[in-house]
Amino acid sequence: MAPSLGPARILLRIAFRNLFAGRAKTLIIGAILLLGTALVVAGSSLVESVDRGMRSSIQGSLAGHLQVYDDRSKDELALYGGMGREPQLEPVVDFSRVKEVLSRVPHVKRVVPMGIDQAMVATGNQIDVALEKVRADVRRIEAGERDDALLRHYQAHKDHVRRMVTLLRDELRAARALADDQLLQDRKQAGEDLARAAAPAFWDGFERDRLGSLEFLENRVAPQGMEGGMTIVRYVGTDLDAFLEAFDRAYVVEGQRVPKGRRGILLGKWYAEEYLKLKTARRLDKIKDARDFQRRTIAGDEEVARWVKENTTQVKEILYQLDPIQAEEAAARLRRALPSEERDLPKLLVQLLSTTDQDFDRKYAIFYDRLAPLLQLYSIRVGDTITIKAPARSGYFNAVNVKVYGFVHFRGLEKSRLAGVMSLLDLMSWRDLYGYLSPEQTEEIRHLKQVAGAQAVPRERAEAELFGGGGAAVESQRASRIDEAAVLARIARPAKAEDLSARVYSQREIDRGVVLNAALILDDPSRIAETARAVDRAQRAAGLHLKVVDWQKASGVVGQSVSLFRIVLYTAVLIIFAVALVIINNAMVMATLQRVREIGTLRAIGAQRRFVTGMLLVETMAVSLFFGALGAALGALAVWLIRAAGGIPAGNDQLYFFFSGPALLPTLGTTSVAISMGIVLLVSVLSGFYPAIIAMRVTPVEAMAADD
Amino acid sequence: MSAIVSVENVTKTYHLGKTEVPALRGVSLEIHAGEFLAVAGPSGSGKTTLLNLIGCVDTPTAGVVRVDGKDTSALSERALTDLRLRRIGFIFQSFNLVPVLSVFQNVEFPLLLQGGLTRGERQRRVGELLQAVGLSGHARHRPSELSGGQRQRVAVARALVGRPRLVLADEPTANLDSTTGATIIDLMRDMNQRDQTTFLFSTHDQKVMAHAHAVVRIADGQLQARETLQAAS
Ligand SMILES: Nc1ncnc2c1ncn2[C@@H]1O[C@H](COP(=O)(O)OP(=O)(O)OP(=O)(O)O)[C@@H](O)[C@H]1O
Ligand SMILES: [Mg+2]
């Protein structure tokens, strides 16, 4: 025991004392190593946390663990959009086959059908809304009701419409002054209609033919309404129940789930906030968010100040929504809440909306508590039926009417555009928009055509049959397919008279049809790669022509950004440690050369070679380990401090997505600590290597040299 | 009584580029246990070369050097190191203490390399030697806190602590003034007398030489007569 212990002890003692003796050198080397390891630990903890955040964001909101799509597709699947447009994917003609085959692969828990696309949505038209109220009043009056409140509201609603019409007419006049002849010609009819609707004579005669007047307003005037804009909606057509079960991050915030098997849409909440919300309210939200979460102020931030300014100059949008009775109520409420003596509603609104950092929170509350209940905050409301128009595969536009059942949020990603812009549409409506017949349908059409022979259905009748009576919800314009559709209408006769929105589709109907891709949810997320291979084997054996990609690949550029972070981090780490290696190596070589006589002496009086090399290695290793551990501790402390301070706030919505929430709460990765210590050890061994060789070559003769 | 060291017809030639430098040219010498022998000669005569060969830090070009009965040319590097550790003590011209170790630890060092002693035994042995060289009060000092003479005493203690059969000292007094040098030689001789440890040291100083029992003179790489001195009595 003793023979080996003795030298080891003295070796350590000399090594450590030498470190202290050369304090400056030790500290310089130590500082570099300390910085390096601190960076590795903190940096890789951050990257791993982002990775984890993104992983859970992407997997839990849309991608699942694996995605499959047709391997003959022109583009690659990009769930969050490709470069400026949706990728072009070949349709997977029969999802039920995919589901059947892939569900049997071990560890595949769920297969969720998908089709992602963008389409236009007509947002609500304010005149329509106002006219709807008038029509409801008229209905009651025609039924003989005559109470005072009804009559008062009826008058107010009519006045509201009249004011809108007058505004519209004035706007058109103003536009005319600037427009060229061609435009004038195009809008001649519109101008005449508006002029008629704005004229006192029209309103004087309104009561004589209530329904006729309403019809004129609805058909000829309302379509010119200024609010009737279009926005783009991005949606994933899917089996809604399967989707909500598979993606636990998705939850319905307002309204309800689409009942099982029904057609319907859940609009992305974020999308609704951004594109459907009353602009004034939206700006107030943004100001609040900037102040509360981004430490910006109205006084100190140009953009926030601009939002305030825009709110005060654009009160018209609010005024436009209020009929005279509501307007009076709003003014009264504001006078009380502000408080103010002002009588004029526009001026009251300006008072409310010209906020400063001092009174913002109070006025924000007044807006939402007092004013908002009188307003329609979103241009599409839960319960509305909206029309979605999309270019179908044929090139023609398909349109479907779907009911909005609610808004959908993605947990932890509430502010993320990437996740929240997505709406969820039922698969049947999606297929109508996409314009593709199921193989079953195609087959039956082919069959029926043969049987029916020349007995073609007249086009008009076919259309009537296809779209049912008055309740047609699908307005297909697939002219090229109209014959097929007609035939289809015959075979699908039970559905003929049925209101599509009320129809309940069976799971089989939902599954048997076209999709673009499918998400696979695994029961064990750690087996992604292995399951991907198994899925690929299974689909190949079944001849499905599928391409299998993991969630990261499927999410396109977004998914790859973590890899980019990682490359940047590790490049930085590599450079730091390369520098450290060179510096440590140099310092140790110099130190060794300075100690040649000492080493020679040790050798002369009986120390073996391995003693001196061991001594030098211990010196570098001790410095490395000590400062490495200190650096790791420093990195861990940084991570801890970041957590204690509430994490790194997600300054914009992209970061929100990467961080999978409002802030990145990094956790210390044991792997990152292990990796950093591993790197430090490697660097110390490498940098101690050459000096150790020099030391080994020192002969005892060096000890004999005289002082000089 | 057999020789501790026997040098038989040894030559040592150094190569400096293309020129050959004959440092020793056929040297034979026997050193017996208990001797206190000085090698004297002018600068460049081959003293250091001879001591290095005997000290097993170098090997001869021709001829045989036997230390403790072993032919040094036949030993491996490790075996030579071990031989130095267990059989030879070194005293250097420039003292060559380990600067980061205390006086005590410097002296203890060979014992730790040798192993086999308990802590208590080591402490006793180091303590005795420090007492013998007159440095008991300086055990905790660092070499840098000592004078040259004191440092060389530490070196003497270190050379003797492992109980070697032979102590080699190459010009141990060259870096000391002559009075101090003389006391170091006297110390070495005391040690020689106390334990019968064999000493071989080199010098070119006549006064120092006078303290030895016997002197071998070397010039131009060749040994001359061995003289036994009066002072040796
Ligand atoms: N490593 C070496 N390489 C080449 N020549 C050497 C080497 N060591 C010694 N010599 C030469 O060998 C000869 C003997 O040298 P050595 O050091 O043994 O003499 P010395 O008697 O110890 O001299 P000094 O009194 O100056 O120490 C000298 O000519 C010297 O130049
Ligand atoms: Mg010499």
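Put a plus charge on the Cβ of each Lys and Arg, a minus charge on the Cβ of each Asp and Glu, and nothing anywhere else: the dipole of chain A about its Cα centre is then about 2080 debye.
Of the GluC sites (Glu not before Pro) in the range A:254-356, the ones in a loop by DSSP (not H, G, I, E or B) with at most 16 other beta carbons within 10 Å are A:E341, A:E342. Counting only residues at least eight positions apart within a chain, or on another chain, the lysines with an alpha carbon under 30 Å from that of B:K70 are B:K12, B:K47. Pairs spanning more than 25 Å between alpha-carbon atoms, out of A:K99/A:K553; A:K260/A:K553; A:K286/A:K363; A:K279/A:K415: A:K260/A:K553. Considering the dipole of chain A built from charges on the beta carbon (Lys and Arg +1, Asp and Glu -1) around the Cα centre, which of A:P525, A:F626, A:N311 is farthest to its positive end? It is A:F626.
Here the Karplus curve 6.51 cos²θ - 1.76 cosθ + 1.60, taken at θ = phi - 60°, turns the phi angles of the range A:549-559 into couplings of 10, 7, 4, 5, 5, 5, 8, x, 4, 4, x Hz, with x standing for Gly and Pro. With 31 Å as the limit, the listed pairs A:K158/A:K269; A:K188/A:K403; A:K133/A:K188 have A:K158/A:K269; A:K188/A:K403 beyond it between alpha carbons. Quick one: compute a quarter of the convex hull surface over the Cα atoms of the protein assembly as shown and quote it in nm². Averaged projected area of the protein assembly as shown's Cα convex hull equals 64.0 nm². Note on the range A:368-428 and the range A:57-95: Cα centroid distance 21 Å, given to the nearest whole angstrom.
With a 10 Å cut-off around each Cβ of B:168-178, the average count of Cβ atoms from other chains is 1.
Across the range A:278-377, C-alpha contacts under 8 Å between residues 6 or more apart give a mean separation that, scaled by the residue count, equals a relative contact order of 31 percent. Summarised in one figure, the compactness ratio Rg/Rh of chain B, Cα atoms and Kirkwood Rh, is 0.96. Show which aspartates and glutamates lie in cross-link reach of A:K109 when reach means a straight Cα distance below 13 angstrom and same-chain residues fewer than eight apart are skipped. In chain and number order, the partners are A:E100, A:E245, A:D523, A:D524. Spin-label model, A:W203 to A:V557: label points 7 Å out along the Cα-to-beta-carbon direction sit 5.2 nm apart.
The mean number of Cβ atoms from other chains found within 10 Å of a Cβ in peptide B:88-95 is 5, as a whole number. Fully extending the segment from A:L12 to A:A136, taken as 0.36 nm per residue of separation minus the present Cα-Cα distance, adds 35.2 nm.
Computed FRET efficiency, Cβ-Cβ of A:R85 and A:T387, R0 35 Å: what is it to the nearest 0.05? So, using R0 = 35 Å, E works out to roughly 0.95.
The numbers here are math on the coordinates, done by the rules we state, and not lab data. This is a predicted model, so every value here is computed, not measured. Because the Cβ atoms are built from the backbone with ideal geometry, glycine has one as well, and the counts that use them run over all protein chains shown.
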